[in-house]
Amino acid sequence: MPTPRPPPPPDLVITGARVVTPDGEGPASIAIQGGVITAVTRGGGPDAAHRIEVGGAEVVMPGVVDTHVHVNEPGRTEWEGFETATRAAAAGGVTTIVDMPLNCVPVTTTADALAEKARAAAGRALVDYAFWGGVIPGNGDDLQPLARAGVPGFKCFLVPSGIEEFPPVTAGDLRRAMRRLAELGAVLLVHAESPGPIERAARAAGDGDPRRYQRWLAARPAAAEQEAVELILDLCRQSGCAVHIVHLASAEPVETLDAARRAGLPVTVETCPHYLTFAAEEVADGATAFKCAPPIREGAVREGLWAALARGSIDLVASDHSPAPPQLKALDTGNFTRAWGGIASLELSLAATWTAARRHGAQPADLARWLAAGPARLAGLGARKGRIAPGYDADFVIWDPAASFTVEPASLHQRHPVTPYAGRRLQGMVRQTFVRGVCVFDRGRFPSRPVGVWIKPTAA
C-alpha cells in the first residue's frame with residue numbers, strides 16, 4: 001500500500017498565552033487551514049506559512065456573533081447598510097451578524113424579499129452574515145419557504161415596531177404561526193412588550209414634557225414585558241415552538257422564565273450592552289441618543305440583569321444595533337416621543353459589555369459564552385461559529401482587556417456618528433479581527449476585501 005501523504009502544513013498558526021477555548025482560558029496554539037481550525041494544542045503548534053504570536057496581555061477569543069443587528073439594507077441604506085455595518089462589526093471584533101427582518105424595504109417576510117436582501121449583501125460584507133425572517137399578520141404561508149431558503153428563525157412584535165411594513169401580531173396570529181414554526185424546527189424571536197400596560201401608562205401619563213426621560217420610561221413599564229413573557233410562554237407550552245425573548249430590559253420576568261425552563265419549555269433570553277451599562281438615573285432630559293424600547297431602566301434593574309446573566313438565567317448578549325439618521329433621533333429638539341427608538345452600538349458591544357462585566361467579576365471566558373457561543377447556537381450556527389475548536393471556522397478577535405479608550409462618535413465606522421456612549425471611557429480594545437482565517441481588521445485598518453458570506457444554519 002502506498003504511504004499516506006502527511007497533511008499539508010497549516011496556512012496560519014496563532015499562538016497566545018490567553019486563548020479562550022471551550023475548556024477555558026490558557027496558553028494555546030491554533031492551526032488554521034483553508035479558513036477552518038484544524039488543531040488546538042497547548043504547545044507551540046506545527047510549522048506554518050504564517051505565524052502570529054499574540055502578546056501576553058492580549059486575549060484570543062472566538063469572534064463575536066451578534067444575532068440582533070438592523071442593517072436596514074435594501075430600502076433604508078441611508079440609515080446603515082452592509083458596507084458600513086460590517087466595517088463597524090469588524091472593528092468591534094464581530095465576525096458574524098444576523099440581520100433583523102425589519103427597517104429594510106421590503107421587510108424579510110417572504111422568500112422573494114429574502115433573496116433581495118441576499119443580493120444587497122453579496123460582495124459588500126466584511127464579516128459573515130445570516131438573516132432572520134419575520135412573522136406578521138397574514139404571512140403564514142411564507143414561513144416554510146423562508147425556512148427552506150436558510151432562515152433559522154423569525155422575529156415578531158406584539159406592539160407597533162415603528163415601521164408600517166412590519167405590523168404587530170395578535171395572540172391568534174402567533175398561535176397559528178408557532179404551530180408552523182414548531183413543525184419547521186425554527187425559533188420565534190419576540191419583542192416582548194404587551195400593548196395593554198403601555199396603553200394604560202399612556203392614559204395615566206396624560207400630557208407632559210416630551211423631553212423628560214422619566215416620561216418615556218413611564219410610558220414603557222416593566223409590566224408590559226412581564227405580561228408579554230407570560231403570553232409567549234403560554235403559547236410556547238401549547239405549541240412546542242422554541243422561543244427567544246430579545247432585548248430583555250426588566251429583571252421582573254426572570255423568575256417566570258426560570259420556572260418555564262425548569263418545566264422543560266424551550267426558551268432562551270438575551271439582553272443588550274446598553275441595559276448592562278446605563279441606568280435611567282443617569283439619562284439626562286432631552287438625551288434622545290439613549291432612546292430605545294424597552295427603555296433603559298433604573299440602576300437596581302441593571303444589577304438584577306447582571307445577576308441573571310451571571311447565573312445563566314439570561315443566555316446571551318446582543319447589541320440590538322438599530323441606527324437611524326441623526327434627524328430621526330430628534331437630537332435638536334430632545335423630544336423622546338418623536339425620536340427613533342434605537343441604539344447603534346455594534347462596534348462597541350464587546351468593549352461595553354467587558355467594561356461592565358469586569359466590575360461584576362466576569363472573565364473573558366464568560367464573554368465568549370455570552371457574545372459568541374450562545375448567539376451562535378441561537379442562530380443555528382453552533383456547529384461552525386462561536387468556539388475555538390477543531391472543525392470550526394477560524395473566526396477570532398484579538399483584544400486587550402486592560403487597554404481603554406474614550407468613545408469618539410466621529411471615529412466609529414457605522415454610517416451615522418450617533419451613540420449614547422459618546423465620551424464614555426470603555427475598557428477592552430480590539431486589535432485584530434479574523435473571519436475564516438482572513439484578517440479583516442488590524443489596529444485601525446481594514447486590510448482585506450469584503451470576504452463575508454451568507455452562513456446558513458447547520459446541526460450543532
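The values are calculated or read from the model by the stated rules, or taken from the named source; none is laboratory data. Nothing here was measured: the structure is a model prediction, and the numbers come from that model. Methodologically, a virtual Cβ is constructed for each residue, glycine included, from the backbone with ideal geometry; neighbour enumeration extends over all protein chains shown. Remember, those area values only see protein heavy atoms, side chains included, never the ligands or the DNA or RNA. Shrake-Rupley method; radii C 1.70, N 1.55, O 1.52, S 1.80 Å.
When you check Arg200 against the structure, is it part of a helix (DSSP H, G or I), out of contact with any helix residue (DSSP H, G or I) (no Cβ under 7 Å at 6 or more places or on another chain), among the basic types (Lys, Arg) and open to solvent by 20 Å² or more (accessible area, probe 1.4 Å), yes or no?
In short, yes.
Do we find a residue being assigned to a strand (DSSP E or B) and open to solvent by 10 Å² or more (accessible area, probe 1.4 Å) anywhere in segment 416-426?
yes
Please determine, by comparing only the residues of segment 220-239 that are among the small types (Gly, Ala, Ser), in contact with a helix residue (DSSP H, G or I) (Cβ under 6 Å, 6 or more places away or on another chain) and touching a residue at least 60 places away in the same chain (Cβ under 8 Å), which one is least open to solvent (accessible area, probe 1.4 Å).
If we take residues in segment 220-239 being among the small types (Gly, Ala, Ser), in contact with a helix residue (DSSP H, G or I) (Cβ under 6 Å, 6 or more places away or on another chain) and touching a residue at least 60 places away in the same chain (Cβ under 8 Å), then Ala224 is least open to solvent (accessible area, probe 1.4 Å).
Given segment 48-159, what strands (runs of 3 or more DSSP E) lie entirely inside it while holding 3 or more residues that are of a type in the set (A, V, I, L, M, F, W, C) and within 30 Å of Leu12 (Cα to Cα)?
59-62, 94-99
Is segment 78-92 home to any residue that is acidic (Asp, Glu) and open to solvent by 10 Å² or more (accessible area, probe 1.4 Å)?
The answer is yes, given that some residue of segment 78-92 is acidic (Asp, Glu) and open to solvent by 10 Å² or more (accessible area, probe 1.4 Å).
Restricted to segment 268-312, and to residues that are under 26 Å from Pro210 (Cα atoms) and among the polar types (S, T, N, Q), which residue is nearest to the chain's Cα centre (by Cα)?
Of everything passing the filter in segment 268-312, Thr277 is nearest to the chain's Cα centre (by Cα).
Pairs please, first residue from segment 391-409 and under 18 Å from Ala89 (Cα atoms), second anywhere and of a type in the set (Asp, Glu) and open to solvent by 10 Å² or more (accessible area, probe 1.4 Å), Cβ atoms under 7 Å, 6+ apart in sequence or on different chains.
Hits for this filter: Ile398/Glu58; Trp399/Glu58; Asp400/Glu58.
Regarding segment 228-243, can at least one residue be identified that is farther than 28 Å from Ala362 by Cβ and basic (Lys, Arg)?
yes
Residue-by-condition table, conditions (1) out of contact with any Cys (no Cβ under 6 Å at 6 or more places or on another chain); (2) under 30 Å from Pro210 (Cβ atoms); (3) surrounded by fewer than 24 Cβ atoms within 10 Å (Cβ to Cβ):
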residue: Ala344; (1), (2), (3): yes, yes, no
residue: Ser349; (1), (2), (3): yes, yes, no
residue: Ala365; (1), (2), (3): yes, no, yes
residue: Pro375; (1), (2), (3): yes, no, no
residue: Gly386; (1), (2), (3): yes, no, no
